[in-house]
Amino acid sequence: MTLIAGIVSRRNRPIPSSASDNLRQSISRHLDDQVAVFKDEFSYFVKVDIEAFGEPGFLVEPNGTLSLLTGEPLLVRDDEASWHGRQQDLKLIHEDYVHGGSGQLHQAVGTFSMVNYQPAARALSLIADKVGVRPLYYWADEDYFVFASALRILEGLPLVSKEMDVVAVSEIVTLGAPLRGRTPYSTISALKSAEIIQVIHGEISSRYYWRWDEIQTPTTSEQEDLRRVYSRFLNSVTRRIRDDQSTVAYLSGGLDSRCVTAALVDRRVRVLTFNFARPGTQDYFFGNSFAQQIGTIHQSIPKDAGDYLPDYSLMLARALGTNHSRENATRPSLVWSGEGGSVLLGHVHMNQAIVDFMRADKRDQAIEEFCRCESVHLSSKLLRPKISGTLLDAIKEDIRSELKETHSVDPARNFYLFLLRNDQRRKLASQFENIDVHRLEFQLPFFDSEFLAAIYSVPIERCLYHRFYTELLALFPRVVTSVPWQVYPGHEPCPLPIPAGLTYQWSGDRGGKTGGLKRRLIKKEAAKLLRARDFPHKIISKRNLRLAAWIHSMGWRDYEHVVKAANIYHTYWRVCSTS
């Protein structure tokens with residue numbers, strides 16, 4: 001299963017035909033997709049499958065009891081890299097859940113979301129994986145409950161009311177994604193990590209089947225920690241390989257995709273790798289050099305100048321569509337990614353000050369330190385007077401609420417769990433939002449919950465600044481450290497000499513011809529926004545935006561962040577204005 005959505009009645013009212021028709025038409029934008037429908041008088045479910053995993057991911061009993069699945073649960077019976085087929089995993093979880101159990105969910109280490117419907121009991125359940133990587137969004141009024149695995153599906157349904165959540169949109173502006181269960185709309189929520197939302201006879205409730213802060217942390221030596229984490233990482237790769245003889249992977253100039261690629265090659269998998277960095281950057285040189293050293297079938301396709309954060313999934317889909325690489329992969333729509341490695345293993349976004357504040361029960365100071373380091377800032381000139389300060393306080397309150405919900409033995413680990421449950425797993429939502437267009441599923445070994453549990457048990461000081469990550473490299477095949485890699489400022493340095501003249505990945509767009517092109521693109525973006533009839537006057541100062549865009553276009557000051565922020569506010573304001 002790739003995309004799922006549905007409507008259930010909360011008050012024994014039939015599903016309106018207009019709502020079911022809209023849902024079926026909205027689930028996919030791909031004209032060739034076959035939409036499967038499951039329905040009765042009080043429920044209507046649709047699914048689309050791009051067949052990336054080779055197994056269907058749905059189960060229907062003769063009595064109408066139904067389970068729909070996105071992603072792979074990957075049920076584990078022991079500490080080894082054992083695995084069942086995807087459909088068998090679904091069957092085991094389904095049978096256990098129908099009989100009131102959640103033991104099988106405890107054994108799931110993959111990234112997935114699941115829906116279970118039991119018509120006789122009038123019971124609907126939405127289930128998230130332990131990190132909540134695969135999104136499920138939901139909306140309800142007094143009569144109906146609607147859910148979908150892509151937010152755009154709910155955005156397109158007239159039945160679903162949309163009201164802009166300014167705090168959530170501000171979190172997108174400052175942090176890259178909403179926190180907790182927020183979405184850009186106050187009327188729509190997202191499942192949180194390991195959450196189960198139930199609708200039984202119309203009543204909505206929430207519970208969790210897993211808690212990260214209850215993981216037992218064994219007292220082991222430093223070498224045992226390294227061996228355990230490394231073994232779990234190899235297991236996470238092996239169980240996702242299945243029987244694949246060849247596969248596709250991203251390969252940048254950083255450590256995350258490199259470690260994934262090395263583990264695949266070490267398992268004798270033929271790997272087709274792709275690098276999308278621009279020439280002259282560390283990302284380009286290190287990624288391509290490593291591909292040559294390890295012997296992957298490699299292709300380098302530089303992203304367009306001025307495009308700071310392109311849709312890499314769409315770029316890869318186009319690359320696969322223009323050559324024969326797709327034909328050479330066992331499951332060509334499954335792509336390996338190093339997403340999550342820097343935050344979850346490298347402990348990016350944390351530092352010693354945050355650790356010390358958390359252990360001293362000074363959560364507010366830890367939040368302030370985090371906001372300082374991450375430049376969490378809302379422009380007081382862009383936003384209407386008094387709005388920016390209020391919104392920033394609301395964002396900090398959301399962080400505070402998240403920190404209060406976890407109770408790790410080491411309080412510093414509560415901040416790590418905040419990042420685990422809110423950072424990259426929410427930033428991956430765009431991958432699944434457009435999966436009907438690019439038609440690629442991700443293999444995400446860094447999000448394997450057994451692997452993450454092993455990291456969680458390592459003393460946090462060892463993990464900060466990529467320290468533990470760098471130690472771990474000694475256990476990988478030697479080729480991993482044969483070529484320099486790109487590092488985060490202030491983190492463990494690469495011990496290999498860096499060739500002169502290479503630009504750092506995140507600063508490669510700032511000057512020269514590329515910088516000039518980018519300024520023109522920002523000017524064009526601002527001009528389009530300023531002409532918009534549905535400009536969000538209640539939130540943004542049009543006069544100040546115009547001034548910032550002009551100063552930026554002249555190259556006097558970098559106001560790209562102001563234009564980008566205004567565009568984000570306008571995006572969701574427009575949806576709410578037309579709903």
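Send over the Kirkwood Rh of the stretch 460-579, from the inverse of the averaged 1/r over different Cα pairs, rounded to one decimal Å.
Values: mean 1/r = 0.0553 Å⁻¹.
Kirkwood hydrodynamic radius for the stretch 460-579: 18.1 Å.
A Förster radius of 41 Å combined with the Cβ-Cβ distance from Lys362 to Trp556 puts the calculated FRET efficiency at roughly 0.55.
Placing a label point 7 Å from the Cα of His106 along the Cα-to-Cβ direction, the residues of the stretch 196-213 with a backbone N closer than 11 Å are 210-211. From the Kirkwood radius over Cα pairs of the stretch 225-349, Stokes-Einstein at 20 °C and 1.002 mPa s returns a whole-number translational diffusion coefficient of 142 µm²/s. Between Ser205 and Ala120, how high is the FRET efficiency from 1/(1 + (r/R0)^6) when r is the Cβ-Cβ distance and R₀ = 25 Å? Nearest 0.05. Step by step, r from the Cβ atoms, then E = 0.85.
A simple packing score, the average count of other Cβ atoms within 10 Å per residue, orders the peptides 290-296, 139-145 as 290-296, 139-145, with the highest score first. Distance between the modelled labels on Lys524 and Arg268, one decimal in nanometres: 5.1 nm (7 Å Cα→Cβ projection).
Checking every one of the trypsin sites (Lys or Arg not before Pro) in the stretch 375-472 against DSSP loop status and a limit of 10 other Cβ atoms within 10 Å picks out Lys386. Each label was represented as a point 7 Å from its Cα along the Cα-to-Cβ direction; for Glu163 and Arg546 these points are 3.3 nm apart.
What's the FRET efficiency of Ser186 with Arg242 using the Cβ-Cβ distance as r and R₀ = 51 Å, to the nearest 0.05? Each step should come with its number before you reach the end.
Numbers: r = 42 Å, r/R0 = 0.81.
Using R0 = 51 Å, I get an efficiency of 0.75.
Both numbers refer to the Cα atoms of the stretch 28-179; Rg and Dmax are 16.8, 49 Å. Here the Karplus relation 6.51 cos²θ - 1.76 cosθ + 1.60, evaluated at θ = phi - 60°, turns the backbone of the stretch 40-52 into coupling constants of 9, 4, 10, 8, 8, 10, 10, 8, 9, 10, 8, 6, 5 Hz, with x for every Gly and Pro.
Each of (i) 1.01; (ii) 0.95; (iii) 0.99 is a candidate for Rg/Rh (Cα atoms, Kirkwood Rh); the one calculated from this structure is (ii).
State whether the stretch 217-278 is rounded, prolate or oblate according to the following rule on the C-alpha gyration tensor (a ≥ b ≥ c being the square roots of its eigenvalues): a/c under 1.5 gives rounded; otherwise a/b larger than b/c gives prolate, and the remaining case gives oblate. Oblate is the answer for the stretch 217-278, as a/c is 1.5 or above yet b/c matches or exceeds a/b. With the cut-off at under 15 Å, measuring from each backbone N in the stretch 132-160 to a point 7 Å along the Cα-to-Cβ line of Asp21 picks out 157-159. For Lys523, a cut-off of 25 angstrom between C-alpha atoms picks up these lysines, skipping any fewer than 8 places away in its own chain: Lys303, Lys381, Lys513, Lys538, Lys542, Lys564.
Just so you know, all these numbers are worked out from the coordinates, no wet-lab data involved. Model, not experiment: these values are computed from the prediction. As a convention, Cβ positions derive from the backbone with ideal geometry for all residues, glycine included, and neighbour counts pool all protein chains shown.
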